[in-house]
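As structure tokens, the structure follows; a few thoughts come after it.
Since every read-out is calculated from the coordinates, none of them should be taken as a lab result. All figures in this text were calculated on a predicted structure; none of them were measured in a lab. Note that we place each Cβ from the backbone using ideal geometry, even for glycine, and neighbour counts take in every protein chain shown.
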Amino acid sequence: MPKHKLERIVIAGATSGIAREVGRLLASRGARLFLVARDPAKLDAVAADLRARGAEGVHTAVADLASTTSHEQWWPEALAALGEPDGVLVAHGILGDAERARRDASHTTEILTTNFLSVAAMLAPISTWFEQRRSGVIAVIGSVAGDRGRQSNYVYGASKGGLDIFLQGLRNRLFHAGVDVVTIKPGFVDTPMTAHLPKTPLFASAESVASGIVGAMEAGRDVVYLPFIWRWILLVLKMIPEAVFKRLKT
Ligand SMILES: NC(=O)c1ccc[n+]([C@@H]2O[C@H](COP(=O)([O-])OP(=O)(O)OC[C@H]3O[C@@H](n4cnc5c(N)ncnc54)[C@H](OP(=O)(O)O)[C@@H]3O)[C@@H](O)[C@H]2O)c1
């Protein structure tokens, strides 16, 4: 018996490769969904797909999730559409251009705002609503990249590492209200975000990661590495002393 039913779910960043697959799993069980995304045409296509796959109702809102205030518009709309959501999945994010982010302050700001600040901001009213309801699940897609800073992608890594700490504190706060906060840490996933990267055996499919996300949300898990092997990879990586790590070409 799952701890959380996931019958009415809000998905921010619903057009993401991973979120679409989560939406499909929930739709096939007849869930009611409120989808938030920035591209109206993509959003309509995802909504139509989820309706065709059995969702009981699909509502949508167009929003720029790099904004730290867009939730002021769509969160009340989500509550009006779903009544009492059982949970929220936050999936939007950008990888950005790591080379550019090293030199270009505006790109650094864009990555940090989209991946971290906007999420922290939207979770202020969302977490308070769930705290008052005294049940539900909030899941956010972070990344294994947030576990250790590396020269190859430390701005993206910092945005996800910031999320990790934020969600730890939120989890600690909401535990006392019976609300679960799930930090999802995928490794490489085959989605539009990684389309430019050569595919290695470490790549997982969006379908398999989505299945792990739904299971983790149902169970109200704390932190999940997807696939699980990344937990061991990061455990080893995090054990390397900084004096050694800084010398590596990572
Ligand atoms: N793929 C991986 O290897 C991997 C690994 C670890 C973590 N993750 C994380 O998983 C999450 C989902 O990514 P994905 O792999 O599914 O990649 P994706 O398909 O590129 O999805 C990224 C999503 O974020 C949305 N987005 C970006 N900026 C936005 C903005 N300003 N306003 C609204 N939406 C915005 C994109 O919207 P558009 O559809 O309009 O572009 C897209 O739907 C992200 O948080 C990512 O960091 C991915």
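So which of Ser143, Ser106, Ser159, Ser152 is crowded, with 23+ Cβ neighbours inside 10 Å, farther than 18 Å from Ala216 by Cα and not aliphatic (A, V, I, L, M)?
Ser159
Would you check if there is a residue in the range 118-128 being farther than 23 Å from Ser16 by Cβ and in a helix (DSSP H, G or I)?
Yes, that holds for at least one residue.
Within the range 175-191, can one find any residue that is assigned to a helix (DSSP H, G or I) and touching a residue at least 12 places away in the same chain (Cβ under 8 Å)?
Scanning the range 175-191, I find no residue that is assigned to a helix (DSSP H, G or I) and touching a residue at least 12 places away in the same chain (Cβ under 8 Å), so the answer is no.
Go through the range 135-170 and count every residue that is part of a loop (DSSP other than H, G, I, E, B) and in contact with a helix residue (DSSP H, G or I) (Cβ under 8 Å, 6 or more places away or on another chain).
Result for the range 135-170: 9.
Among (1) more than 16 Å from the ligand (Cβ to nearest atom); (2) over 26 Å from Pro125 (Cα atoms); (3) surrounded by 20 or more Cβ atoms within 10 Å (Cβ to Cβ); (4) of a type in the set (A, V, I, L, M, F, W, C), which single condition is Leu50 missing?
Unmet for Leu50, out of (1) more than 16 Å from the ligand (Cβ to nearest atom); (2) over 26 Å from Pro125 (Cα atoms); (3) surrounded by 20 or more Cβ atoms within 10 Å (Cβ to Cβ); (4) of a type in the set (A, V, I, L, M, F, W, C): (1).
Results for (1) within 14 Å of the ligand (Cβ to nearest atom); (2) out of contact with any strand residue (DSSP E or B) (no Cβ under 9 Å at 6 or more places or on another chain); (3) closer than 19 Å to Ala61 by Cβ, shown as yes or no for each residue.
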site: Ala81; (1), (2), (3): no, no, yes
site: Leu89; (1), (2), (3): yes, no, yes
site: Arg100; (1), (2), (3): no, yes, no
site: Pro125; (1), (2), (3): no, yes, yes
site: Asp164; (1), (2), (3): yes, no, no
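Just checking, does the range 142-158 include any residue being under 26 Å from Arg247 (Cα atoms), free of Cβ contacts under 8 Å to residues at least 24 places away in the same chain, more than 15 Å from the ligand (Cβ to nearest atom) and over 17 Å from the mean Cα position of the chain (by Cα)?
Yes: one or more hits.
List the residue pairs whose Cβ atoms are under 7 Å apart, where the first residue sits in the range 77-96 and is touching a residue at least 12 places away in the same chain (Cβ under 8 Å) and within 21 Å of Leu117 (Cα to Cα), the second is more than 10 Å from the ligand (Cβ to nearest atom) and not hydrophobic (A, V, I, L, M, F, W, C), and the two are 6 or more positions apart or on different chains.
Between residues of the range 77-96 that are touching a residue at least 12 places away in the same chain (Cβ under 8 Å) and within 21 Å of Leu117 (Cα to Cα) and residues that are more than 10 Å from the ligand (Cβ to nearest atom) and not hydrophobic (A, V, I, L, M, F, W, C), the close pairs are Ala78/Pro85; Gly87/His4; Gly87/Gly136; Gly96/His107.
Residues Pro40, Pro2, Pro76: which one is of a type outside the set (Gly, Ala, Ser), surrounded by fewer than 22 Cβ atoms within 10 Å (Cβ to Cβ), within 19 Å of Val209 (Cα to Cα) and more than 17 Å from the chain's Cα centre (by Cα)?
Pro2
Which one of these does Pro85 not meet: (1) away from the ligand (no atom under 15 Å from the Cβ); (2) assigned to a helix (DSSP H, G or I)?
(2)
For the range 13-50, give me each residue that is charged (D, E, K, R) and in contact (Cβ under 8 Å) with a residue 24 or more places away in the chain.
Arg20, Glu21, Arg24, Arg29, Arg32, Arg38, Asp39, Lys42, Asp49
Residues are listed down the side, and each one gets a yes or a no for (1) more than 10 Å from the ligand (Cβ to nearest atom); (2) polar (S, T, N, Q); (3) over 18 Å from Val90 (Cβ atoms):
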| site | (1), (2), (3) |
| --- | --- |
| Glu7 | yes, no, yes |
| Val10 | yes, no, no |
| Ala14 | no, no, no |
| Glu21 | no, no, no |
| Ala27 | yes, no, yes |
| Gly30 | yes, no, yes |
| Glu56 | yes, no, yes |
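Residue-by-condition table, conditions (1) more than 18 Å from Val144 (Cβ to Cβ); (2) surrounded by fewer than 21 Cβ atoms within 10 Å (Cβ to Cβ); (3) under 15 Å from the mean Cα position of the chain (by Cα); (4) not acidic (Asp, Glu):
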site	(1), (2), (3), (4)
Val179	yes, no, no, yes
Phe203	no, yes, no, yes
Val209	no, no, yes, yes
Val224	no, no, yes, yes
Val236	no, yes, no, yes
